[in-house]
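Structure first, then comments.
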There are 2 protein chains.
Amino acid sequence: MATIKENSTIQENKQYALQQCPVTHVMEKIGGYWKPIIIYYLSTGDKRYSELKRAIPVITEKVLIQHLKQLEADGLIIREARPVVPPYVTYKLSYAGNGLLPVIHAMADWAFKDLDGRFNQV
Amino acid sequence: MATIKENSTIQENKQYALQQCPVTHVMEKIGGYWKPIIIYYLSTGDKRYSELKRAIPVITEKVLIQHLKQLEADGLIIREARPVVPPYVTYKLSYAGNGLLPVIHAMADWAFKDLDGRFNQV
DNA sequence: ACAAGTACTTACCCTAAAGTATGTATTATG
DNA sequence: CATAATACATACTTTAGGGTAAGTACTTGT
């Protein structure tokens with residue numbers, strides 16, 4: 001799991017940003033290229049690990065797992081493993097994870113308006 | 001200005017993420033530790049460059065300018081320079097930049113709930 | 001003549017995060 | 001007996017972006 005240097009300036013500044021800005025707090029949790037996409041896929045229901053992998057083909061397994069673990073550690077998703085062979089593991093949004101959907105939707109709204117050029121007036 | 005390798009896998013994947021996910025589109029524009037903070041400060045009205053610098057003391061000038069230029073290039077903020085000496089430059093949110101405020105607020109809402117532990121009930 | 005203030009610019013370094021490649025355990029199936 | 005499938009793990013490399021430090025142009029104040 002990602003080795004992070006404790007005392008780098010970059011970490012200190014992150015702390016500052018976290019305290020100053022709730023938005024940064026959210027970014028910490030859903031930042032990175034893939035996390036929002038994972039959350040989006042999970043918003044339509046439970047998904048198996050392999051389903052996610054197939055749904056987002058260009059993501060590598062290392063990064064997918066890494067993000068899933070982080071999302072789980074942050075309490076945004078819940079992992080359920082059935083003790084069978086071959087393994088059967090599903091992921092779903094937690095209560096907090098579901099709480100992020102309005103954020104996701106607000107972002108999507110803005111993105112679509114932006115892409116449509118609806119902000120180009122003035 | 002940031003030199004970006006044209007053909008890296010990381011850039012190709014970014015493209016993929018951008019197409020698949022409007023959220024990533026937004027992240028492209030307001031990602032990075034400082035951009036949301038800058039937008040937040042500008043949400044209360046025009047600010048001079050030096051005001052921003054003083055308001056966010058730990059940010060370095062290089063990074064502040066860099067972000068301001070990117071935000072301007074992305075059409076989120078508007079730069080106004082009066083031809084006087086010493087220079088007098090102000091930044092303000094554009095129409096599109098103002099459109100981001102609901103996103104910022106949705107994020108802030110979630111962050112405060114999360115920090116309050118209001119998501120901890122299952 | 002020299003420092004101070006504004007709004008930058010530039011060259012170089014370091015770190016976090018993404019990517020590459022390969023390996024693991026377990027069981028069913030041909 | 002070897003292969004396939006699932007859900008990971010791990011060692012190593014590369015890249016984007018943030019940080020450090022110093023410099024620039026122009027004018028006013030002392």
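The values are calculated or read from the model by the stated rules, or taken from the named source; none is laboratory data. Note that the structure is a prediction, hence the values are computed from the model and not measured. Note that we place each Cβ from the backbone using ideal geometry, even for glycine, and neighbour counts take in every protein chain shown. Areas reflect the complete protein model, heavy atoms only, side chains present, ligands, DNA and RNA absent. Shrake-Rupley method; radii C 1.70, N 1.55, O 1.52, S 1.80 Å.
List of remarks:
- Residues in the stretch A:33-52 that are more than 7 Å from DNA strand D (Cβ to nearest atom) and farther than 23 Å from A:PRO102 by Cα: A:GLU51 alone.
- One residue stands out among those in the stretch B:81-101 that are open to solvent by 80 Å² or more (accessible area, probe 1.4 Å) and modelled with pLDDT under 95: the one that is farthest from the other protein chains (Cβ to nearest Cβ), which is B:VAL85.
- Odd one out for B:ILE59 among (1) aliphatic (A, V, I, L, M); (2) open to solvent by less than 20 Å² (accessible area, probe 1.4 Å); (3) closer than 29 Å to A:HIS105 by Cβ: (3)
- Every listed requirement among (1) at pLDDT 90 or above; (2) open to solvent by 40 Å² or more (accessible area, probe 1.4 Å) is met by A:TYR40 save one, (1).
- The listed residue being under 18 Å from A:TYR16 (Cα atoms) and either facing chain A (nearest Cβ under 9 Å) or modelled with pLDDT of 85 or more (or both), out of B:ILE78, B:ILE10, B:ILE56: B:ILE56
- All conditions in (1) at positive phi; (2) part of a helix (DSSP H, G or I) hold for B:GLY32, with the sole exception of (2).
- Breaking point among (1) at the interface with another protein chain (Cβ under 9 Å from one of its Cβ atoms); (2) surrounded by fewer than 17 Cβ atoms within 10 Å (Cβ to Cβ), for A:ASP114: (2)
- Just so you know, in the stretch B:8-26 the residues that are of a type in the set (A, V, I, L, M, F, W, C) and either near DNA strand C (Cβ under 10 Å from one of its atoms) or over 21 Å from A:VAL103 (Cβ atoms) (or both) include one that is most open to solvent (accessible area, probe 1.4 Å), and it is B:ILE10.
- Filter result for B:VAL63 (farther than 28 Å from A:TYR33 by Cα, β-branched (Val, Ile, Thr) and either within 8 Å of DNA strand D (Cβ to nearest atom) or in a loop (DSSP other than H, G, I, E, B) (or both)): no
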